[in-house]
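Undergrad: Quick one: this structure, given as structure tokens, is what I'll be asking you about.
The values are calculated or read from the model by the stated rules, or taken from the named source; none is laboratory data. Because the structure is predicted, anything quoted here is derived from the model rather than measured. Neighbour counts run over all protein chains shown; Cβ positions are idealised from the backbone, glycine included.
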Amino acid sequence: MTSLSWILILFLLVFVFTFLPRIGLLAIYKTYRAAREREQVEDALKHLLDREQHGRQASPESLAGALDIQRSRVTRLIEDMETQGLLESRGTNLFLTTQGERWAMHVVRAHRLWERYLTDEARMPLEKVHGEAQRREHSLTEAQLDDLDAALGHPTRDPHGDPIPTREGTLFKAEGMPLTAWQAEGPMRIVHLEDEPALAFEQILAAGLRLGQTIRILDRNPQRYLLTDGETEYRLAPAIAANVSVAALPKSEDAKASAIPLAELTYDQRAEIVVLDEAVQGFTRRRFLDLGLTPGTMIYPELQNFFGDPRAYRVRGTLIALRKDQAAQIWVKPV
């Protein structure tokens, strides 16, 4: 075969692999580019929705900063989104349309459901779930999102305490106020841990604070906040404390006052289940209830594990296994 023939064959192969429908290089590139453009639109919608929820209006400058892109690219993006009917420009301010708000709610719902799944089912460390959910939030259709919601037991809040939008697009108001704004005396409950900026969130987790925890302010000054949960003291700089939201104790806390976590029950103790921790959401809560772990039910440890985790418990005549972190979310009263 001549060298010219080889050249023609090589040219033909390059042409085929480049322009082949669906699996050719050009088709793959177009698919990738379309996906990237969609992600950028969805990130822009999330930014506008977040601004509106906090009583502020988005602008081309705030959008450029949030997406980390140049102003010229932002101008084209805004024009494209206006053409799609997703936003409106009024002077220097940007406003979501009804269609844009519906799409933005879909993305927020996907993000927070993914965070719930990654925390409860994938057992991913809390400081990593936001970034992973950020990557996955663009991949689900409405039907797939409904399936994920149902599989998780229709949770109402993500692992940070943020409300999860409903299928109809309703987003309930987040409860609580910043710890730095709390003036009442007595204990309070942590209802939200802000995960941005990431560095502040890591400091909150490193201090040992968690969602649903009951705390009290021992001392506050311009340099630090000193907190306690009755056993441990926690120190936070005011800027970090502002990322912790708190609220008054719910009625369920009264029941927990004389209770202990199931994980602390000794081997020879029997106990009555008092309440499930409010931090238990979605699929985990539904699984607990399906296992019969309801208030008033008797439970006790059985069949000690040499390694200590998981631990076997007898409940309603059935032997079940619970990890220590799961048992810590079930409050019981020894009898």
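Undergrad: Among the residues of segment 98-127, which ones are basic (Lys, Arg) and more than 10 Å from the chain's Cα centre (by Cα)? Please lay out each step first, then the result.
TA: Quick first cut of segment 98-127, residues basic (Lys, Arg) only: 102, 109, 112, 116, 123.
Within segment 98-127, ARG102, ARG123 meet the criteria.
Undergrad: Is at least one residue of segment 99-110 under 27 Å from ASP290 (Cβ atoms) and surrounded by 15 or more Cβ atoms within 10 Å (Cβ to Cβ)?
TA: The answer is yes; a qualifying residue exists.
Undergrad: Does ASP195 qualify as being closer than 18 Å to ASN243 by Cβ, surrounded by 12 or more Cβ atoms within 10 Å (Cβ to Cβ) and touching a Lys or Arg at 6+ places or on another chain (Cβ under 6 Å)?
TA: no
Undergrad: Taking into account only those residues within segment 27-70 that are surrounded by fewer than 11 Cβ atoms within 10 Å (Cβ to Cβ) and modelled with pLDDT of 85 or more, which is nearest to MET177 (Cα to Cα)?
TA: For segment 27-70, the residue satisfying everything is GLY55.
Undergrad: With GLU302, GLU231 as the choices, which residue is assigned by TED's automatic domain parsing to the domain that holds ALA181 and at pLDDT below 90?
TA: GLU231
Undergrad: Among the residues of segment 77-97, are any surrounded by 19 or more Cβ atoms within 10 Å (Cβ to Cβ) and basic (Lys, Arg)?
TA: Within segment 77-97, none of the residues are surrounded by 19 or more Cβ atoms within 10 Å (Cβ to Cβ) and basic (Lys, Arg).
Undergrad: Then there's this: For ASN93, only one of the following conditions fails: (1) touching an Asp or Glu at 6+ places or on another chain (Cβ under 7 Å); (2) within 15 Å of GLU52 (Cβ to Cβ); (3) in contact (Cβ under 8 Å) with a residue 24 or more places away in the chain. What is its number?
TA: (1)
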